[in-house]
Amino acid sequence: MKCAICRNGITTDSFTTVLLEREQTTLVFKQVPAKICENCGEEYISSEVSQSLLSLAEQEYKRGVKIEMLDFAA
């Protein structure tokens, strides 16, 4: 797919790190599947992956986690 930000690069399948914060909770998800622009580095996460991230984040938030680093497993 062509990058919507720089309009020059092409995105390729890769992985990224996502940081989510809510109140006093900070979650870092590593190895999140994404498409990343080879030109500007813009990262695109699919809606399915995004929903999974938010669901996992909600579970961790309800557990009372303050800070956590997790490997994302889709």
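Residues of the stretch 1-33 that are touching a Ser or Thr at 6+ places or on another chain (Cβ under 6 Å) and under 11 Å from residue 71 (Cα atoms): 30, 32. Among the residues in the stretch 27-35, are any out of contact with any Phe, Trp or Tyr (no Cβ under 7 Å at 6 or more places or on another chain) and either over 26 Å from residue 12 (Cβ atoms) or not β-branched (Val, Ile, Thr) (or both)? Looking for residues that are out of contact with any Phe, Trp or Tyr (no Cβ under 7 Å at 6 or more places or on another chain) and either over 26 Å from residue 12 (Cβ atoms) or not β-branched (Val, Ile, Thr) (or both), one finds at least one in the stretch 27-35, hence yes. Where strands (runs of 3 or more DSSP E) fall wholly inside the chain, the ranges with 2 or more residues that are under 11 Å from the mean Cα position of the chain (by Cα) and among the charged types (D, E, K, R) are 25-37.
Among residues of the stretch 42-69 that are touching a residue at least 24 places away in the same chain (Cβ under 8 Å) and within 11 Å of residue 20 (Cα to Cα), those with a Cβ under 7 angstrom from a residue that is charged (D, E, K, R) and assigned to a helix (DSSP H, G or I), sequence gap 6+ or separate chain, pair up as 68/60. Restricting to the stretch 21-42, name every residue that is surrounded by fewer than 17 Cβ atoms within 10 Å (Cβ to Cβ), within 25 Å of residue 1 (Cβ to Cβ) and not small (Gly, Ala, Ser). Answer for the stretch 21-42, where residues must be surrounded by fewer than 17 Cβ atoms within 10 Å (Cβ to Cβ), within 25 Å of residue 1 (Cβ to Cβ) and not small (Gly, Ala, Ser): 30, 31, 33, 38, 39, 40, 42. Within the stretch 1-19, being closer than 10 Å to residue 38 by Cα and polar (S, T, N, Q) holds for 8, 11, 12.
A short reminder: the numbers here are calculations on the coordinates, not readings from a lab. Since the model is a prediction, treat every value here as computed from it, not as a measurement. Because the Cβ atoms are built from the backbone with ideal geometry, glycine has one as well, and the counts that use them run over all protein chains shown.
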